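The numbers here are math on the coordinates, done by the rules we state, and not lab data. Quick caveat: nothing in here was measured; it's all calculated off a predicted structure. As a convention, Cβ positions derive from the backbone with ideal geometry for all residues, glycine included, and neighbour counts pool all protein chains shown.
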Amino acid sequence: MFEINLVPDVKAELLKAQKMRKFVIYISILVAAICIGVIVLLGIIVGGQGIALVAQDNDMERKSNQILDSENLNLNLTIQNQLNQLNEIGNNRRVLSRIFGILDVILPTGENTVRVSELSVNLPNSTLSFDGQADSTTNNNYAALEVFKKTVELSYYDYGRYIDEDGNEIPAVCITEITEDNTIYGTYHRYPDGGCGPAPTTTLPEPENNETDETTDETDEDTQPSALPTLVKIKRNMTASQLEDAKSNNKPYFQSECISGNNNSCPLVEEPVLIRDSSNGRNSAGALVLRFSTVITISPEVFSFNNKHMLLIGPHRQNVTDSYLQVRNMFTEEAEDCAVDDLECINAEGGN
């Protein structure tokens, strides 16, 4: 008879099961500890944020009360807002005086003179509305009106910056533009300390070098007292080759925004001239004239304050710059309607 003892195997399985149970309990405790740590950490973060928000709210309320208790609060806020708006106001400034330069360029003179009897300017829309009178030595007043329309459509403008020999822009307040022999020059006086400005009250010596009209005429600084500035004279309408020579040789020049070579990309008007109505009449001297009303849409760039050294260019007459504006004989009294028995006026060519 045989007898088998199985106790050692059962005991081995029991020990193995006990080890597994201890391992599972250990892992469970570790995971639970980690979870508790994460919960505690999240609680600390959330609680800290709440405490920080409460502190910020209290600080904001305290500062708000301090501001509300301040004297002249409305005045201070108004001044601060106005200071913040200075740049925007400067960028939106318009130069109304350029109206006279525009009229000086677009109104024909001579045989087909056109004058203005009533003028209205809308700067936000950049439009000129006026009642005009067209004179003509021929009895066909429409000839003068057509010359006026063509003159407007063939007019241009130009603006830009004067650049010194170091490549820096010369402030516009320093420059005065002059016209000599149908050539425009920008002139200014450069002081020994590097500043610039208009002509001083002391008479300056005449520039010695007048040979290079495309760049500058300067007096020799060694031949004049150190207190006197140097006269600088810069030709504005350089040819393409003169401009390239000035840039490559570190000479001052004018950098145009519209003119490249012989081409001008800035027409004065953006739309055709609108003639709203026309009729015959007689002026104060009794001469026969054609009366008309017109609306002209000018490029908004012409009136922008930020566009310096504006030049208005007409097809027939002298160009007009910001430094040279004139009010010539361009305004007149409004003409009278044709009398009922004035057959010459009523039947004249050109009236509607």
Under the Karplus relation with 6.51, -1.76 and 1.60 and θ = phi - 60°, whole-Hz ³J(HN,Hα) for region 119-128, x at Gly and Pro, equal 10, 9, 10, 10, 5, x, 9, 6, 10, 10
Let's test this: bin the Cα-Cα distances of region 12-69 at 5 Å from zero up to the farthest pair and state each bin's percent.
4, 16, 9, 11, 8, 8, 8, 6, 7, 5, 5, 4, 3, 3, 2, 1, 1, 0
Give me, ordered by chain and number, the residues 5 or more places off Thr332 or on other chains with an amide H under 5 Å from its own placed amide H.
Val116, Ser117
Among the lysines, which fall within straight-line cross-link reach of Lys308, defined as a Cα-Cα distance under 19 Å, with same-chain neighbours fewer than 8 residues apart omitted?
Lys233, Lys235
Net charge around Ala55, counting only other residues with Cβ within less than 13 Å of its Cβ (Lys, Arg = +1; Asp, Glu = -1)?
-1
Rg and Dmax of region 138-191, Cα atoms only, in Å
18.9, 59
Local electrostatic count, Cys258, Cβ distance below 11 Å [Lys/Arg +1, Asp/Glu -1]:
-3
For Glu118, what charge total do you get from the other residues with a beta carbon under 9 Å from its beta carbon, if Lys and Arg give +1 and Asp and Glu give -1?
-2
